[in-house]
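**Student:** Below: one structure in structure tokens.
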Amino acid sequence: MTIDLHYTPGQNAFRTEVRSWMQAHVPKTPLKSLDTLEGAEQHRQWERTLNEGRWGMVTWPKEFGGRGCNLVEWLIFEEEYYRAGAPLRINQNGIFLLGPTLMEFGTAEQKAKYLPRMAACEDIWAQAWSEPQAGSDLAALRATALRDGDHYVLKGHKIWSSRAAVADWAFGMFRTDPASQRHQGISFILFPLRHPGVRVRGIPQIDGEAGFAEIYLEDARVPIANRVGEEGQGWHIAMATAGFERGLMLRSPARFQVTAKKLVELYRRHADDAEPGLASVVTQAWMDAEAYALNTYMTATRLMAGGSIGVEASLNKIFWSEMDLAMHRAAMSLLGARAELTKAAPDAADVGNWLDGFLFALAGPIYAGTNEIQRNIIAERLLGMPR
Ligand SMILES: Cc1cc2nc3c(=O)[nH]c(=O)nc-3n(C[C@H](O)[C@H](O)[C@H](O)COP(=O)(O)OP(=O)(O)OC[C@H]3O[C@@H](n4cnc5c(N)ncnc54)[C@H](O)[C@@H]3O)c2cc1C
């Protein structure tokens, strides 16, 4: 497929519009971590401001709070967003995962009910799929949603749910047929997190903040209208959601291009005492970030021409997670002993941000499906190797 890497006048004008809005509105002082209650509130406020400018989710149709942009415009938006140093998106699981899923599988009522509130960050969404015995092997999930009149009664234990400690709603996977096995009999159901029968318990991470949570469902009742798609179609829908997650939206290239640029600047400041070999690691990181951007433009071009994301979503996920880790490892090496200073340390300057980034990058090969599992998928479905 041929990709025209020149921007059109319309795209350039769009970039200018995003840039000037960001310059005027991005908070001048960094917000507190979105994994804390105070930080979450600040991020919610920021997302409201974004939405007031109609920048909440630019690819969505106008009636849901978007601008009807295409994927190339979305990439431009992301480039300007990260360039401006704008805050991380607290509602990323909503806007990047559930949003596209509802667009494809939701009813008109569900779209009207959930999408505008999601764009405005009135509701922060969490993903409630993993269970203590069902992570990589998600089809082993055991939580149930059994019908009682016009409601489902939810029962089970979900875990590792990012930002559930501060979120309002979750999209979960439940067995609606308790006798079913593996991928059959699963449904995709939305449930509120502050609700009778729903207990959320934060799990402190390595940095001490409760970045994710476990969710206990103890006979929580939700209307049948909260189910997305048909009963029993949950696995199929979830795999489409996972495709959005791994393939395109969750980690846009701009995030890594900004990190690569900062890494080059860091290297320049420490070049004199840098370990031998780090120059090529830093150069490789910069090239990888550029290559990832070009590859994403190629995926976007293909999708705009009516194509879909397939197994290459797994290649993509491995690439960005390993690249992110390599960049942060290089930064840690460049900083030497100072790398361990936390943000609160008097002498930390920007060192603490690298440490935070490094700790989060460590999770990249795990969340959104571990890289070992992605390699299995590539081996079997792309290379045709035996199970
Ligand atoms: C930061 C972070 C955020 C997360 N956010 C969410 C979220 O919002 N919602 C949610 O539902 N979940 C979330 N998760 C959970 C994540 O999806 C799971 O941790 C992941 O799927 C792995 O499952 P597990 O932890 O049970 O590990 P296991 O499945 O027990 O795996 C343990 C190890 O064994 C390997 N392994 C397992 N099976 C195979 C196999 N067949 N072949 C080769 N190797 C294998 C794995 O790769 C891994 O290294 C998050 C995780 C992290 C770290």
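The values are calculated or read from the model by the stated rules, or taken from the named source; none is laboratory data. Given the structure is predicted, the values throughout are model-derived calculations rather than measurements. Note that each Cβ is placed from the backbone with ideal geometry, even for glycine, and that neighbours are counted across all protein chains shown. Keep in mind that these areas ignore ligands, DNA and RNA; they rest on the heavy atoms of the full protein, side chains included. Shrake-Rupley method; radii C 1.70, N 1.55, O 1.52, S 1.80 Å.
**Student:** Based on the mean of other Cβ atoms within 10 Å per residue, sort peptides 341-347, 124-130 so the most packed one is first.
**Tutor:** Result, highest mean first: 124-130, 341-347.
**Student:** Here is a further query. Would you mind checking the radius of gyration and Dmax of the range 196-255 based on alpha-carbon positions, in Å?
**Tutor:** Taking only Cα atoms of the range 196-255, I get Rg and Dmax of 16.2, 43 Å.
**Student:** Let me ask something additional. What's the extension gain from SER308 to LYS261 if we count 0.36 nm per residue and subtract their Cα-Cα distance?
**Tutor:** Value of the extension gain: 13.8 nm.
**Student:** Counting pairwise Cα distances across the range 253-311, what percent come out greater than 15 angstrom?
**Tutor:** Looking at the range 253-311, the distances longer than 15 Å represent 57 percent of pairs.
**Student:** A follow-up question, please. Long-range amide H contacts for GLU131: which residues qualify at under 5 Å (H placed 1.01 Å from N, peptide plane, sequence gap of 5 or more or a different chain)?
**Tutor:** For GLU131, whose amide H was placed from the backbone, the distant partners under 5 Å are ILE159.
**Student:** Heavy-atom accessible area per residue, the range 1-93, 1.4 Å probe: how many Å²?
**Tutor:** 50
**Student:** Determine the principal axes of the Cα atoms in the chain, then give the extent along each, sorted from largest to smallest and rounded to whole angstroms.
**Tutor:** Extents along the principal axes, in whole Å: 70, 49, 47.
**Student:** I would also like to ask the following. Just the ratio, please: alpha-carbon radius of gyration of the range 113-236 over 2.2 N^0.38 Å, N its number of residues.
**Tutor:** 1.02
**Student:** Any idea of the accessible area per residue across the range 255-387, 1.4 Å probe, to the nearest Å²?
**Tutor:** On a per-residue basis, 54 Å².
**Student:** Also: How big is the range 1-120 in terms of Cα radius of gyration and Dmax, in angstroms?
**Tutor:** When restricted to Cα atoms, the range 1-120 yields Rg and Dmax of 15.0, 47 Å.
**Student:** Compute the distance in nm between two label points, each set 7 Å from the Cα along the Cα-to-Cβ direction, one at MET287 and one at ARG182.
**Tutor:** About 4.3 nm separates the two model spin labels.
**Student:** Indicate the gyration tensor shape class of the range 85-163 (rounded, prolate or oblate), computed on the Cα atoms with a ≥ b ≥ c the square roots of the eigenvalues: a/c under 1.5 is rounded; otherwise a/b larger than b/c is prolate and the rest oblate.
**Tutor:** Oblate shape, in that a/c is at least 1.5 and b/c is the bigger or equal ratio.
**Student:** Using the Cα atoms of the range 311-387 to build a convex hull, what is its mean projected area in square nanometres?
**Tutor:** Mean shadow area of the hull around the Cα atoms is 5.7 nm².
**Student:** Let me have the relative contact order for the chain, percent, based on Cα pairs under 8 Å that are six or more residues apart.
**Tutor:** 13
**Student:** Give me the dipole magnitude in Debye, nearest 20, for the range 189-325 about the Cα centre, with unit charges on the beta carbon: positive for Lys and Arg, negative for Asp and Glu.
**Tutor:** Computed charge dipole of the range 189-325: roughly 440 debye.
**Student:** Would you list the membrane-span-like helices of the chain, meaning whole DSSP H runs whose alpha-carbon atoms span at least 15 Å along their axis and whose mean Kyte-Doolittle value is at least -1.0?
**Tutor:** Within the chain the helices that satisfy the rule are 71-83, 108-119, 234-247, 253-270, 278-304, 312-335, 351-363.
**Student:** Also, quick follow-up: What number, in percent, do you get for the relative contact order of the range 23-144 if the mean sequence gap of Cα pairs under 8 Å and at least 6 apart is divided by its residue count?
**Tutor:** Across the range 23-144, relative contact order equals 24 percent.
**Student:** Please report, to two decimal places, log10 I(q)/I(0) for the range 35-191 at q = 0.13, 0.17, 0.18, 0.20 Å⁻¹ as given by the Debye formula with identical point scatterers on the Cα atoms and no solvent.
**Tutor:** Taken in order of the listed q values, log10 I(q)/I(0) reads -0.68, -1.04, -1.11, -1.25.
**Student:** Let me ask something else. Could you please tell me the mean projected area of the C-alpha convex hull for the range 214-369, averaged over all directions and given in square nanometres to one decimal?
**Tutor:** Convex hull of Cα atoms, orientation-averaged projection: 13.0 nm².
**Student:** Something else about it: Can you pull the percent of the range 152-296's accessible area that's carbon plus sulfur, 1.4 Å probe, other chains left in place?
**Tutor:** Ligands and nucleic acids excluded, carbon and sulfur give 54 percent.
**Student:** Based on a Kirkwood Rh over C-alpha pairs, give the Stokes-Einstein translational diffusion coefficient of the range 220-265 at 25 °C and viscosity 0.890 mPa s in µm²/s.
**Tutor:** 179
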